[in-house]
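Step one of this worksheet: look at the structure below.
The values are calculated or read from the model by the stated rules, or taken from the named source; none is laboratory data. This is a predicted model, so every value here is computed, not measured. Every residue, glycine among them, receives a Cβ derived from its backbone with ideal geometry; neighbour counts consider all protein chains shown. The accessibility values were calculated without ligands, DNA or RNA, using every heavy atom of the protein model including side chains. Shrake-Rupley method; radii C 1.70, N 1.55, O 1.52, S 1.80 Å.
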Amino acid sequence: MKMNHVAARAKPRYAGKRTRLNKPELLAPAGSLEKLKFAVHYGADAVYIGGQKYGLRSNADNFSFEEMREGVAFAAQYGAKVFVATNIYAHQEDLDGVADYLRQLESVGIAAIIAADPAIVETAQKVAPKLEVHLSTQQSTMNWQAVQFWKEEGLPRVVLARETTMDEIAEMKTRVDIELEVFVHGAMCSSVSGRCVLSNHFTDRDSNRGGCCQSCRWKYDLHADEQSVMEPGENLFTMGSKDLCMIRHVPDLIDAGVDSFKIEGRMKSIHYVASVVNAYRQAIDAYMADPQRYELRQEWVDEIGKAANRPLNTGFFYSTPGAEEHIYEPEEKPAPYDFAAVVTDYDEASGIATVQQRSPFRPGMEVEFFGPGGRRFVQRLGEFTDEEGNTLTVARHPLQKIRVKTDQPLVPLDIMRKRL
C-alpha cells in the first residue's frame, strides 16, 4: 500500500463555517488520573474521563471530585481540557442527585460533559451553565438534520455515530454551524453505537448503564439438541469487530471538517494511550503545518503497531464493513512490546535516569525509550542499581525505582518498553 499522500491535494470539501477549531483537537481517553497525565504529556488537547456516576465504563478507575480537580490543574499547565462522560441512558432512579453531581463537575473546572440522555442534557443546561454539553455517540447521530436539531437545543458539539461516513461528515459541516467530534481509533462495537443487550441477557449487566461485559468478544460454540455441531479441534468463534485506525487518513478527516479526533480506550494501558496519542499528534501537526507537502511517515504507523490493537480497519468512513471486518476466530495476538518502566528523573551530569519498574527487565536486554514528539532511541541495558546503589541482576519488583545509564537524555514521563 502506498504510504504517502500526494503533494498537491484537492481543495478541501469543507466550505468554511464559523464554528471550526483553528486546529483539530486531539481527544484522548483517561481511565485514571495517571493515564490522564500521560495522555496530556504525550500531546492530547483534551481528555475524557468517567466520574463515579452516570458513565458507561463502571469498571474503569473512575475519578473522584478531588482527582478531577487535580487532573484539571495538570491539564491546564499544558493548555488542555478535561471532559466527563455522563452518557448513560437513565432510568428514573438514576436521576436522583444528577443536578448536584453536575454542579460539582462545574465547580472543579470540568470543561464539558458528554451526554446522551435528554434529561441529563437539559439538567446540565439549567443547573451548570458554564459546563458545555457535548452530545454522546450513544445518540447515533448520522445525518445533518439531526445535527441541526441538537444545535437548536443549544449544544456546541456533537459526537457522531461510528457508522457515519466521510461524505456525511463533510455535508454536516457544510450545512450546520457546529463542532463535530469523531472517533478515529480504537474498539468498535458490534451493535449500532453501543445499542447492545447481549451483556444484559448473559450477565444482567446493562450495557447502556455502564456495565457492558463485552459479550461479543467471548468464545462461542454452536449447539443443536444439546450437542456441539462444531468439528473436534475447530476453533470456537467470537463476534467482535476489528479495531478502527485512521492514522493513514488524517488529511481526509481534516478536509471533511472534523473538529475533534477522538481515541477510544479508557480501559486501555498507559503504554497504549501514550503510543497512540503520540502518533496522531505528530500526524495532525505535520498536516496542519504544511498540507501541500504532507507525507504519512512509516514511523507513525509503526508506533500504532507497538500498542495492543486488534486487527485494524477504517470502519464505516469509506464503505460499509462486511463480514471480513469482524473477528470470528479467537484473536490471541499479543502486543509486540510491553511497558517496562516510566522515567521519573534524569541526571544530566551522569547520564543516569531513574525509572519506575512496570514489568521485569534485566541487564543486557534491548529496550526502546520514547517520549512526546517522536523522540525515541534503542539501547541495550548495562548494569543498573536500585536507589541505594545496590547492583541488581533483574528489576522484578513492581514500582521499584531503578537507576540506569541511558544513551540519550530523557525527561519525566518518558517510557521504556521492551519487545516481547
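Take MET365, MET166 and sort them by solvent-accessible surface of the protein heavy atoms, 1.4 Å probe, largest at the top.
Working: MET365 50, MET166 5 Å².
Descending order: MET365, MET166.
How big is the accessible area of VAL197 in square angstrom, nearest 10, if you roll a 1.4 angstrom probe over the protein chains?
Approximately 80 Å² for this residue.
What FRET efficiency, computed as 1/(1 + (r/R0)^6) with R0 = 30 Å and r the Cβ-Cβ distance, is obtained for GLN145 and THR320, rounded to the nearest 0.05?
Working: r = 21 Å, r/R0 = 0.70.
The calculated FRET efficiency here is 0.90.
With a Förster radius of 35 Å, plug the Cβ-Cβ distance of LEU222 and LEU420 into 1/(1 + (r/R0)^6) and report the FRET value to the nearest 0.05.
On the way: r = 33 Å, r/R0 = 0.95.
Computed FRET efficiency for LEU222 and LEU420 comes out at 0.55.
Just by accessible area at a 1.4 angstrom probe, what is the order of MET246, MET239, MET267 from largest to smallest?
Details: MET246 0, MET239 70, MET267 105 Å².
Order by accessible area, largest first: MET267, MET239, MET246.
Pairs to check: LYS130/LYS151; LYS262/LYS405; LYS37/LYS173; LYS242/LYS268; LYS23/LYS405; LYS242/LYS262. Give those whose C-alpha atoms are more than 27 Å from each other in this structure. Mind showing how you got there, number by number?
Working: LYS130/LYS151 17 Å; LYS262/LYS405 37 Å; LYS37/LYS173 32 Å; LYS242/LYS268 16 Å; LYS23/LYS405 39 Å; LYS242/LYS262 17 Å.
The answer is LYS262/LYS405; LYS37/LYS173; LYS23/LYS405.
What are the residues whose amide H is under 5 Å from the amide H of GLY315, where those residues sit 5 or more places off or on another chain and H is modelled from the backbone?
CYS245
With viscosity set to 0.890 mPa s at 25 °C, what whole-number translational diffusion coefficient in µm²/s follows for the range 300-410 from Stokes-Einstein and a Kirkwood radius over Cα pairs?
Working: Rh = 16.5 Å.
Value of D from the Cα-based Kirkwood radius: 149 µm²/s.
Could you work out [θ]222 nm for the chain from helices alone, using -39500 (n - 2.57) per DSSP H run of at least four and dividing by all its residues? Round to the nearest 500 deg cm²/dmol.
Values: 10 runs with 102 residues, N = 420.
Taken over the chain, the calculation gives -7000 deg cm²/dmol.
Heavy atoms only, probe 1.4 Å: what % of the accessible area of the chain goes to carbon and sulfur, would you let me know? Display every interim value, and only then the final one.
Values: 9500 of 19360 Å².
Looking at the chain in its full context, I get 49 percent from C and S.
State which stretch of the chain is the longest one without any exposed GluC sites (Glu not before Pro), exposure meaning a DSSP loop state and at most 10 other Cβ atoms within 10 Å. All intermediate terms of the calculation are to be shown ahead of the outcome.
Details: sites that count: GLU226, GLU332, GLU348, GLU387, GLU388.
With a cap of 10 other Cβ atoms within 10 Å, the longest stretch comes to 1-225.
How high is the relative contact order of the chain, given as a whole-number percent (alpha carbon pairs under 8 Å, six or more residues apart)?
Numbers: 886 pairs, mean separation 69.1, N = 420.
It comes to 16 percent, rounded to a whole number.
Provide the per residue accessible area, probe 1.4 Å, for the chain, rounded to a whole number of square angstrom. Write down the numbers at each step before the final one.
Working: 19360 Å² over 420 residues.
Value for the chain: 46 Å² per residue.
Please find, in a Gaussian network model of the chain (springs between Cα atoms separated by less than 10 Å), the residue of VAL98, VAL182, VAL147 whose mean-square fluctuation is greatest.
The residue with the greatest mean-square fluctuation here is VAL98.
Distance between the C-alpha centers of the range 61-88 and the range 205-282? Whole Å please.
Cα centroid to Cα centroid, the span is 25 Å.
Might you report the magnitude of the Cβ-based charge dipole of the range 128-174 about its Cα centre, with Lys and Arg at +1 and Asp and Glu at -1, to the nearest 20 debye?
220 debye
Let's test the formula: R0 of 22 Å, r as the Cβ-Cβ distance of ASP177 and GLN125. What FRET efficiency results, to the nearest 0.05?
Working: r = 19 Å, r/R0 = 0.85.
Efficiency at R0 = 22 Å is approximately 0.75.
With each label point set 7 Å from Cα along the Cα-Cβ vector, what nm distance links ILE352 and ASN235?
Taking the two extended label points, one gets 4.9 nm.
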